[in-house]
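Structure, as structure tokens:
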Amino acid sequence: MFSQARPAMGTTFTIFVYAANQEQASEYFEIAFDEIERVEEALSDYRPTSELSRINRLAANETVTTDPEVFKFLQTSMDFSRRSGGAFDITVGPLMRAWGFFRGRGHYPTPEELSNARKSTGWQHVHLDPEKRTVHFDMQGMSLDPGGIGKGYVVECVANLLREAGVKTALIDAGSSTIYAMGAPPGKDGWTIQVPRPGDRAHSISTVVLRDTSLSTSGNYEKFFTLNGKIYCHIMDPRTGEPVQGTVQTTVITPNATDSDALSLIMFVMGPEKSEKLLDAIPGTSGMWVLGEPNKSNVIQWHWPGTSTTSSINLAQQNLQIVIMEEAQQ
């Protein structure tokens, strides 16, 4: 097994790959990291030269024709917005700026800043024409933010290219927030992955074995600020215009990395009960929520590997007490 890590998309991507020798592994690494750079150049909202930034600049004033890949990415994003009732919304960019989470650690917005941001947010105001492959915003001030789905999409692209190159066994890790496990290491059933305790990667709350599937985690401890004892994290509820409260961490397992990235965010915003119907529509999906506060939390498991029912876990400081609950309503 060989590994290599490089910075990209505001995090660190690490590739683990089984190869015959270092030379072959180096070829695989170049394929992977070249693909990460290519997709970032297309979808980054931090790079003014990206295709997504071009759309953000022009789409409110004119209809913008884009390339097939970016258009399909936007279609996928709009589909998640529709299916989640707006809990996932790629137009969340103005809210991220108002709350100071674009290039920053966050701050409480003024009433005027928040009002203007909410007026400029809403996936329903993005109009896609499949025949002409065009994008148009029907409102000024809108900005697409791929942060809730972009890393998963990149991971999926890398996995597809490595398969085409003949790779049978690899692990693609986008800053530990989205992971795709390809094949299985020699003599193993799959890749062993630990789900971290919120805010403490030295300890885990679950260990799973992944094979040809993806795992994504969202947490309120990556970017946040505290005001009057209340935590405001970077994960927004686009429907209210404010950071999500009451959820500490979500983790999802799905066959597809694009889906797992988006679904971990949707789960974070919607909570367990409202997320189950959406998760159940995607075969092979499992979910876990950590609810409450970092030091006083409950863990809810839904079809989690190794469990036959939905479980509630009391996340104590030193141990985990598992209490089996009734099966979730389908």
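The values are calculated or read from the model by the stated rules, or taken from the named source; none is laboratory data. These numbers come from a predicted model, not from an experiment. Heads up, the Cβs are rebuilt from the backbone with ideal geometry, glycines too, and the neighbour counts pull from every protein chain shown.
Structure above, values below:
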{"item": "Flag if R6 is more than 14 Å from C157 (Cβ to Cβ), touching a helix residue (DSSP H, G or I) at 6+ places or on another chain (Cβ under 6 Å) and basic (K, R)", "result": "yes"}
{"item": "Residue count, the stretch 187-202 (criterion: surrounded by 15 or more Cβ atoms within 10 Å (Cβ to Cβ) and among the β-branched types (V, I, T))", "result": "2"}
{"item": "Matching option when the condition is in contact (Cβ under 8 Å) with a residue 24 or more places away in the chain, in a helix (DSSP H, G or I), touching a Phe, Trp or Tyr at 6+ places or on another chain (Cβ under 7 Å) and of a type outside the set (S, T, N, Q), among F71, F80", "result": "F80"}
{"item": "Residue list for the stretch 61-93, filter: in contact with a Ser or Thr (Cβ under 7 Å, 6 or more places away or on another chain) and among the aliphatic types (A, V, I, L, M)", "result": "V64, I90, V92"}
{"item": "Residues satisfying the stated conditions in the stretch 222-239, i.e. of a type outside the set (D, E, K, R) and either at pLDDT 95 or above or surrounded by 15 or more Cβ atoms within 10 Å (Cβ to Cβ) (or both)", "result": "F224, F225, I231, Y232, C233, H234, I235, M236, P238"}
{"item": "Some residue of the stretch 143-163 being free of Cβ contacts under 8 Å to residues at least 24 places away in the same chain, out of contact with any strand residue (DSSP E or B) (no Cβ under 6 Å at 6 or more places or on another chain) and either in a helix (DSSP H, G or I) or under 30 Å from P255 (Cβ atoms) (or both)", "result": "yes"}
{"item": "Number of positions in the stretch 277-299 that are of a type outside the set (S, T, Y) and either part of a strand (DSSP E or B) or in contact with a Gly (Cβ under 7 Å, 6 or more places away or on another chain) (or both)", "result": "12"}
{"item": "Qualifying residue in the stretch 203-218 (condition: surrounded by fewer than 20 Cβ atoms within 10 Å (Cβ to Cβ), among the acidic types (D, E), in a strand (DSSP E or B) and modelled with pLDDT of 95 or more)", "result": "no"}
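So that you can scan it fast, the table gives a plain yes or no per residue for (1) of a type in the set (D, E, K, R); (2) within 15 Å of the chain's Cα centre (by Cα):
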| position | (1), (2) |
| --- | --- |
| D67 | yes, no |
| V70 | no, no |
| F80 | no, yes |
| A87 | no, yes |
| V92 | no, yes |
| W99 | no, no |
| R105 | yes, no |
| Y108 | no, no |
| E112 | yes, no |
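Okay, residues lined up against (1) exposed (fewer than 13 other Cβ atoms within 10 Å of the Cβ); (2) modelled with pLDDT of 95 or more:
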{"position": "I15", "(1), (2)": "no, yes"}
{"position": "I31", "(1), (2)": "no, yes"}
{"position": "I55", "(1), (2)": "no, yes"}
{"position": "T65", "(1), (2)": "yes, yes"}
{"position": "K72", "(1), (2)": "no, yes"}
{"position": "F101", "(1), (2)": "no, no"}
{"position": "R118", "(1), (2)": "no, yes"}
